[in-house]
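This report refers to the structure that appears directly beneath it.
A short reminder: the numbers here are calculations on the coordinates, not readings from a lab. Keep in mind it's a predicted model, so treat the numbers as computed, not measured. Neighbour counts are summed over all protein chains in view; Cβ atoms, including those assigned to glycine, are modelled from backbone coordinates with ideal geometry.
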Amino acid sequence: MKIRSICLTKNEADVVEECLTDAARWSDRIYVYDGASTDGTWEKVQAMAAQNGRIVAWKSDGCVFREGLRAEVFNAFRDECADGDWWCQLNADEFYVQDVRQFLAGVPKSEHVVWGLNIQYYLTPKDVEGEPFAGEFHRDRDRIRYYKAACAERRFFRHRAGLQWRESDAWPHHLGVTHLELLHFRHYPYRSPQQIQTRLDVRRDNRARGFEGWDHAKELTWQTKIVPRADLHLDAGDGKFIIEEENLRQHLEPVSQRVVKRIMHGVGIWP
C-alpha cells in the first residue's frame, strides 16, 4: 500500500516545511503544485525535494485556483499507482493526529473514501494583544491553542485503475463507499496577523480572477478572523478534543445510497 499526497500551495512559506516534513512520515510521495508563490514557498519546496525523495516539486504557475487542479496531478502520476494505493488531499496547513498509515491499512477493501475531521485553530484577541508573532509556524505554534471542530471533509480515496478525474471536478467520478471512522487533523489556517492578511489577499485575488468559492475570504482585514476564546475550546495538549456531535455525522451516507454503492462497485459496474 502506497500513499500519494497532492499538495497545492500558495504563499505558505511560514508553514510548508513543517507540513511536508510531517506528511513525509506517512506519504510515499507528496506531489506539490504551487500557485506562483511570491514569498519563497516554491523555493523551500524545491530545496526539500532535493533532499527528500518523497517530495516532488511538480510545478509552479499562476493560473486561477480551482479545485480541479488536483486532477492534473492525479492524471500526471496515476500510472505510478496500483489498485489499493491511497490518494490524499493534503493542504499545507494540516497535521494529522492519528497514525495515517496504520489507519488506512485497517480500512476494509470494500470501502474507498476516508473523511477527516477538521479541528481548526484560531487566534484570539488575547493572542494578538501580546508580543508580535514571529511569522514562522515552528516558533508560533505553541501560541495557537484555541480550536473548534469546523466540519468533516473528504481527504483520502483508494486508487482504482478505472477511476476518472476530470480537471473541472474537485474529486474523481464514482469515488466510492465511505469508511465510517474519521481521521482527525489539526488545521492552522490562521497563524499570525501577517499570514492571515496574506491568506485573505490571495483568496480575494483568485475570486477577482474568476474563482467562485471561498466566500469566507471576502473580508478585507485580518482582524475579521480573530475569534473570542469563549467561542472556542482550549487544546490542553493531551490529545483530547471536544467535538460537536453534528460534525461526527456529516460524512455518513443514507443507507440506501450506501447499499447501491456497494453493489455497483462490488460487481464492477463502477470502479
Q: Would you tally the net charge around PRO108, using a Cβ to Cβ cut-off of less than 14 Å, leaving PRO108 out, and scoring K and R as +1, D and E as -1?
A: +3
Q | Protection-proxy order for peptides 208-216, 16-24, 225-233, each taking the mean of Cβ atoms within 10 Å per residue, highest first | A | 16-24, 225-233, 208-216
Q) Taking a point 7 angstrom from the Cα of HIS216 along the C-beta vector, which residues in segment 126-156 have backbone N less than 14 Å away? A) 147-154
Q) Where does the charge balance sit around ASP28 when Lys and Arg score +1, Asp and Glu -1, over other residues with C-beta under 9 Å from its C-beta? A) +3
Q) Roughly how many whole Å is it from the C-alpha centroid of segment 185-214 to that of segment 20-76? A) 18
**Q.** Packing-based order for 257-268, 56-67, using average beta carbon neighbours within 10 Å, highest first
**A.** 56-67, 257-268
Q: Counting only DSSP beta bridges with both residues in the chain, tell me the antiparallel percent, nearest 5.
A: 45
Q. Alpha carbon centre of segment 80-148 versus segment 216-255: separation in Å?
A. 13
Q) So between LYS240 and ASP79, what do we pick up on full extension, going 0.36 nm a residue minus the alpha carbon distance? A) 54.0 nm
Q: Could you work out the relative contact order of the chain, using alpha carbon pairs under 8 angstrom and six or more residues apart, expressed as a whole percent?
A: 22
Q) For the peptides 87-96, 37-46, 235-244, 159-168, what is the packing order when you average, over each peptide's residues, the other Cβ atoms within 10 Å and list the highest mean first? A) 87-96, 37-46, 159-168, 235-244
